[in-house]
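Working notes, structure below.
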Amino acid sequence: MSTPTDRRFRRQIAQIERRYPRIGGALQRLTAPGRLWMRLPAAILLILGGFLGFLPVLGVWMLPVGLLLLAVDLPLLRPAVGGLMVRLRSRFRRWLR
């Protein structure tokens, strides 16, 4: 049985997969069951890369994606990361206007 926060978290992943196909394909492969051995190092590298956002290729975008991957395996992070993704998306939409 899934909780409302788990459903919101899964919706956020699905929305990223639909909206950003390049990231979505990799995200879909990484969030597949049994991929912990790939997901954990990728999440840590993305989080660390997010802190190096001043470099040309690396950016702040990597931090939420890394947290999202980490939250797949750590249920305690799901409510916070799901809420963060909703807030970031609404701020990004507001910024585009």
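Per-structure values
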{"item": "First in segment 60-71 and touching a residue at least 60 places away in the same chain (Cβ under 8 Å), second anywhere and assigned to a helix (DSSP H, G or I), Cβ under 7 Å, 6 or more apart", "result": "71/9; 71/77; 71/78; 71/81"}
{"item": "Failed criterion for residue 39 (all others in (1) touching a residue at least 24 places away in the same chain (Cβ under 8 Å); (2) within 25 Å of residue 93 (Cβ to Cβ); (3) in contact with a helix residue (DSSP H, G or I) (Cβ under 6 Å, 6 or more places away or on another chain) hold)", "result": "(2)"}
{"item": "Pair list, Cβ < 6 Å and 6+ apart or interchain, from segment 85-97 residues that are farther than 14 Å from residue 68 by Cα to residues that are surrounded by 10 or more Cβ atoms within 10 Å (Cβ to Cβ)", "result": "none"}
{"item": "Single residue of segment 1-35 satisfying the filter (assigned to a loop (DSSP other than H, G, I, E, B) and over 19 Å from residue 66 (Cβ atoms)) that is farthest from the chain's Cα centre (by Cα)", "result": "1"}
{"item": "Filtered residue count, segment 72-82, keeping only those that are exposed (fewer than 15 other Cβ atoms within 10 Å of the Cβ), within 13 Å of the chain's Cα centre (by Cα) and in contact (Cβ under 8 Å) with a residue 40 or more places away in the chain", "result": "0"}
{"item": "Residue count for segment 36-82, restricted to those that are part of a loop (DSSP other than H, G, I, E, B) and aliphatic (A, V, I, L, M)", "result": "6"}
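Quick note: the coordinates plus some simple rules give every number you see, no bench work behind them. All values derive from a computational prediction rather than experimental measurement. Don't worry about glycine lacking a Cβ; one is built from the backbone with ideal geometry, like all the others, and counts go over all protein chains shown.
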